[in-house]
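Peer 1: This is the structure I have questions about; it appears just below.
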Amino acid sequence: MGTSSPNLILASASPRRLSLLAQIGISPDAVRPANIDETPGKDELPRLHALRLAAEKAAAIDAPGDYILAADTVVGVGRRILPKTETESEAVDCLRLMSGRSHRVFTGVSLIGPDGKQVSRVVETRVKMKRLTGAEIADYIATDEWRGKAGGYAIQGYAESYIISIIGSFSNVVGLPLYETKNLLTGLGYRA
């Protein structure tokens, strides 16, 4: 009588994370978004915010004996955490702030193994955006790609035409650093 192998649960509602995992041949057995408070702590830096949220999202899913994978992507300008934009004015403010300068994208990735062991990493990518004109900002707002996105843009779309350079992982900016995620899964014994 064989025992069933542990399932992989993705604790995220992001369709981008699902498609990124599919790129490396991983298809979660279930998608169960974690419902946690994502408010930054007082004076919390972007890197630590991403790491904390990923760990809390993984821990919020009750699935003993399974793998639980969670991630959170945060855009930071200096010490400031940019919002996941819900309104046009928030998106415009973010784009103006990033226009003509570098920002950092941090993704915290957290994995709980079937034995309950939790491992977490944070990956940082530096992104430099061109100086945007008012017309370019208006054009981007019209795409609607900014809705619900950290920092008010999705790099895997129209906004990529505004990016001068990326130092680090492209998949990290999309929402899940594949190299580190695969290493975490392999390290805890997951086999696709």
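All of the numbers you see were taken from the coordinates with simple rules; none came from a lab. The model shown is predicted, which means the values in this text are computed figures rather than measured ones. Here the Cβ positions follow ideal geometry from the backbone for every residue, glycine too, while neighbour counts run over all protein chains shown.
Peer 1: Residue by residue through segment 110-131, note down the ones that are within 24 Å of residue 169 (Cβ to Cβ) and not in a strand (DSSP E or B).
Peer 2: Those that are within 24 Å of residue 169 (Cβ to Cβ) and not in a strand (DSSP E or B): 113, 130.
Peer 1: Still on this structure, please answer the following. I need a count of the residues in segment 62-80 that are surrounded by 19 or more Cβ atoms within 10 Å (Cβ to Cβ) and either without any contact (Cβ under 8 Å) to a residue 24 or more places away in the chain or under 18 Å from the mean Cα position of the chain (by Cα) (or both).
Peer 2: Qualifying residue count for the region: 9.
Peer 1: When residues of segment 149-177 are filtered for being assigned to a strand (DSSP E or B) and of a type in the set (A, V, I, L, M), how many remain? First the steps, then the outcome.
Peer 2: Restricting attention to segment 149-177, the residues satisfying the condition of being assigned to a strand (DSSP E or B) are 150, 163-167.
Okay, now just the ones that are also of a type in the set (A, V, I, L, M), so 150, 163-164, 166-167.
Within segment 149-177, residues that are assigned to a strand (DSSP E or B) and of a type in the set (A, V, I, L, M) number 5.
Peer 1: How many of the residues making up segment 19-54 are closer than 19 Å to residue 75 by Cβ and assigned to a helix (DSSP H, G or I)?
Peer 2: 10
Peer 1: Sticking with this structure for a sec: Go through (1) assigned to a strand (DSSP E or B); (2) within 18 Å of the chain's Cα centre (by Cα); (3) more than 27 Å from residue 29 (Cβ to Cβ); (4) not charged (D, E, K, R) one by one and return the number of the condition residue 146 breaks.
Peer 2: Checking residue 146 against (1) assigned to a strand (DSSP E or B); (2) within 18 Å of the chain's Cα centre (by Cα); (3) more than 27 Å from residue 29 (Cβ to Cβ); (4) not charged (D, E, K, R), the one that fails is (1).
Peer 1: Quick check on residue 25: is it out of contact with any Gly (no Cβ under 7 Å at 6 or more places or on another chain), in contact (Cβ under 8 Å) with a residue 60 or more places away in the chain, surrounded by fewer than 19 Cβ atoms within 10 Å (Cβ to Cβ) and not polar (S, T, N, Q)? Step through it out loud before you land on a result.
Peer 2: Values: out of contact with any Gly (no Cβ under 7 Å at 6 or more places or on another chain): yes; in contact (Cβ under 8 Å) with a residue 60 or more places away in the chain: yes; surrounded by fewer than 19 Cβ atoms within 10 Å (Cβ to Cβ): yes; not polar (S, T, N, Q): yes.
For residue 25, the condition - out of contact with any Gly (no Cβ under 7 Å at 6 or more places or on another chain), in contact (Cβ under 8 Å) with a residue 60 or more places away in the chain, surrounded by fewer than 19 Cβ atoms within 10 Å (Cβ to Cβ) and not polar (S, T, N, Q) - is met.
Peer 1: If residue 132 satisfies every condition in (1) over 21 Å from the mean Cα position of the chain (by Cα); (2) of a type in the set (A, V, I, L, M, F, W, C); (3) surrounded by 22 or more Cβ atoms within 10 Å (Cβ to Cβ) but one, which is the exception?
Peer 2: Checking residue 132 against (1) over 21 Å from the mean Cα position of the chain (by Cα); (2) of a type in the set (A, V, I, L, M, F, W, C); (3) surrounded by 22 or more Cβ atoms within 10 Å (Cβ to Cβ), the one that fails is (3).
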